[in-house]
Amino acid sequence: MQTTNGRAVSGDSGIAAVAPASRARRRLSWLRGDRALAVLVLSPSIIAVAVFIYSFILWSFYISTVKWNDFVPNYTFVGLENWITIFSDSRFLTDLRNLVLYAAGFMSQCIILGFILAVLIDQKITGESIFRTIFIFPFAVSGIVTGVAWRWLMRPEAGLNLLFHSVGLDFLRSPWYTDPNTGILAVSVAGAWQFSGYVMALYLAALRGISNDLREAAAIDGCNTFNLYRYVIVPLLTPTTFTAIVLTGMGSIRVFDIPAVIGTGAAFGADAMANYMFTLTFTSLKYALGATIASVMILLSAFLVVPYLLSMRREAEQ
Amino acid sequence: MTFQRLWARGAIYIVLLCFAAYYLMPIYLLVITSLKTNAEVNIDWMWRLPNGIHFDGINQAWPRVSANFINSIIITVPAAIISSFIGSINGYIFSKWKFRGSNTIFILFLLGMFLPYQGILIPLVQTLMFLHLYATIIGVIFVHCIFGIPITALMFRSYFAGVPSELVDACKIDGSGFFGIYRYLMLPIAFPAFAVVLIWQFTTIWNDYLIGLVVLSNPLLAPINVAVQNLAGTYTTQWQVQMSGALIAALPTIVVYLALGKFFMRGLLAGSVKG
């Protein structure tokens, strides 16, 4: 399509179309002049991404199959030995469980809070921009800052527990991140505090894209507010929900900063996979084992992202 | 009917105010703790407002993070500017100079953006050591610029896609080439896109912890968020020090967000790919 466009406008490609050029030349005709320049200018970025992302990923997978669990690099091939070690490692297995818990807590909080906030803000509220600013601003704050604040909010003898006690809501007191089984859920509260405003912004933009005619038509058909959301709005927001699921799912796999501040908790109850990968690699110098966790993280993310990008691509082509 | 409506409106505002309180609570805690005197810092008084404005916490935290604060500026400002510039050219190519396979390359860029950094940390350190960029500020800037390629290309691509192709064709007829169109058509109208991308990159790079931690193992060169995390680890009992450090670390991005929130919002939506 782009070539036809160029041919109609610029002279030289028009000549190329008239002259019975060889097939090889015609195949290369798109790569001439300014378009060749464009490819040339883009190529450093292509190379950078190819090297720093894709070849590095392959390299991580490769390192996960060698013996390098020491300060000195050792590229002796050991097959799946590191993978077997990791998948029988108790801290890693706890981290897998934590990943499931964190994803459940983080994704549901972000999506439910994000949706509710977006719907509330969409009700032609006075001071809308103030509320929007407040809900999104945690996203401008770093994970470390979030972690520092929430670590004190969730300290068993301080913060929220103190607040609950002072207003007589003692049943709400919780061990938070110190719980050996569900500590990571406390971390997910901090994570969702930071990210739910982002999800709200996504939903709000989508809500604003739904035409008022549709709402009016539903109202004329006798649809009450609840049914309007249940049967009209929520189904129309499905693509946004899909985006939110992918983004929060990725966030669950990569979470690192907040657990880095809060700590591993009791019996690694608040530990995340990324933190174990980091400790194993850069503190214990077990590079191959670290690379194995890295590979697990890449595989998990790929399961989430590849279908998402493929669906986007199909959409773009239509 | 009207009473019922009024009641419903009131309920919406009450719920919104409760949520607002929830979202502001951690920052409230950071601010009040930073403004207390050392004597006032006590777990039982944790939620109480300070007796006055004092800077005990800030005064203790600042000397321990000031060098890192400056490091963060030295890293963030050039990295944000360079990566925005690279992004503007890449976005221009992806939107106006499509070639065979360019859409596939773009999708591969996006895929790279989503994958967790842990997946590439070990080769990254090896490569930076090989290039003698490990544990240098230049090395961190370099890494941020490379990891910014996908997102900045995405943001500029969606912006430039809105420029009508007829305008580009008109420039071609007038004899402008690849660089001419970029320089005289795209750049002059790209200010809003630059604002969005610069703010996005500034926030992302300023808030980075992992890259700074891995690449700059030297605590003197470390960026602010690494220093704040170290404070949190060492000053476990003097929490006013860690909280003040966190407040100092959060201040630049909060100021940018409050001052330029409109552009930040647009970045949010563009960053979700769908925008």
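Coordinate-derived values only; no laboratory data. Model, not experiment: these values are computed from the prediction. Positions of Cβ are generated from backbone atoms using ideal geometry, with glycine treated the same way; all protein chains shown enter the neighbour counts.
Quick check: the distance between the Cα centres of region B:158-226 and region B:1-61, to the nearest angstrom?
Region B:158-226 and region B:1-61 have Cα centres separated by 37 Å.
For region B:149-249, what is the convex hull (Cα atoms) projected area averaged across all directions, in square nanometres? Before the final figure, lay out each step's value.
On the way: hull surface 34.8 nm².
Mean projected area of the Cα convex hull: 8.7 nm².
For region B:1-43, how big is Rg over Rh, using alpha carbon atoms and the Kirkwood form of Rh?
Numbers: Rg = 17.5 Å, Rh = 12.9 Å.
Rg/Rh: 1.36.
Pairs of lysines 8 or more apart, or on different chains, with alpha carbons under 21 Å: count those in the protein assembly as shown, would you?
Values: A:Lys67/A:Lys286; A:Lys124/B:Lys262; B:Lys96/B:Lys172; B:Lys96/B:Lys274; B:Lys98/B:Lys172; B:Lys98/B:Lys274; B:Lys262/B:Lys274.
Lysine pair count for the protein assembly as shown: 7.
Can you give me the distance in nm between label points at A:Phe87 and B:Leu251, each placed 7 Å from the Cα along the Cα-to-Cβ direction?
So the label points at A:Phe87 and B:Leu251 sit 5.1 nm apart.
For an R0 of 60 angstrom, estimate the FRET efficiency from the Cβ-Cβ distance between A:Arg230 and A:Asp70 and round to the nearest 0.05.
Details: r = 59 Å, r/R0 = 0.99.
Efficiency at R0 = 60 Å is approximately 0.50.
Starting from 0 in steps of 10 Å, tell me what percent of the Cα-Cα pairs of chain A lands in each bin.
5, 18, 22, 21, 17, 11, 4, 1, 0
Is there a quick way to get the dipole size of region B:56-271? I mean about its Cα centre, with the Cβ of Lys and Arg at +1 and of Asp and Glu at -1; what is the value in debye to the nearest 20?
Numbers: 9 positive and 5 negative charges, 72 e Å.
Its charge dipole is roughly 340 debye.
With label points built 7 Å along Cα→Cβ from the Cα atoms of A:Ile130 and B:Ala8, find their separation and express it in nm.
For A:Ile130 paired with B:Ala8, the spin-label model returns 2.4 nm.
Beyond 15 Å, how much of the Cα-Cα pair distribution for region A:164-232 remains, as a whole percent?
Details: 1682 of 2346 pairs.
I get 72 percent for the Cα pairs in region A:164-232 exceeding 15 Å.
On average over all directions, what projected area in square nanometres does region B:56-271 have, based on the convex hull of its Cα atoms? Could the numbers behind the result be given before it?
Numbers: hull surface 54.7 nm².
Computed as one quarter of the Cα hull surface, the answer is 13.7 nm².
Restricting to DSSP loop positions (anything but H, G, I, E, B) with no more than 16 other Cβ atoms inside 10 Å of their own Cβ, which trypsin sites (Lys or Arg not before Pro) remain in region A:130-187?
Counting only loop positions with at most 16 other Cβ atoms within 10 Å, the trypsin sites (Lys or Arg not before Pro) in region A:130-187 are A:Arg173.
Please give the Cα centre distance for region A:177-196 versus region A:57-98, rounded to the nearest Å.
First find each Cα centre; the distance between them is then 27 Å.
Starting from region A:50-121, pick out the trypsin sites (Lys or Arg not before Pro) whose DSSP state is loop and whose Cβ has at most 12 other Cβ atoms within 10 Å. Don't skip to the answer; put the middle values down first.
Values: sites: A:Lys67, A:Arg91, A:Arg97; in loops: A:Lys67.
For trypsin sites (Lys or Arg not before Pro) across region A:50-121 that sit outside H, G, I, E and B with at most 12 neighbouring Cβ atoms in 10 Å, the list is empty.
How big is region B:86-212 by the Kirkwood estimate over distinct Cα pairs, in Å?
Values: mean 1/r = 0.0618 Å⁻¹.
Roughly 16.2 Å, rounded to one decimal.
In nm², what is the average projected area of the convex hull enclosing the Cα atoms of the protein assembly as shown? Could the numbers behind the result be given before it?
On the way: hull surface 128.6 nm².
Orientation-averaged projected area of the Cα hull: 32.1 nm².
From zero up to wherever the largest Cα-Cα distance of region B:1-110 sits, split into 10 Å bins and tell me the percent of pairs in each.
Histogramming region B:1-110 at 10 Å steps yields 11, 18, 16, 18, 21, 14, 2 percent.
Can you pull the percent of Cα pairs in region A:170-318 with separation above 24 Å? Mind showing how you got there, number by number?
Numbers: 5855 of 11026 pairs.
I get 53 percent for the Cα pairs in region A:170-318 exceeding 24 Å.
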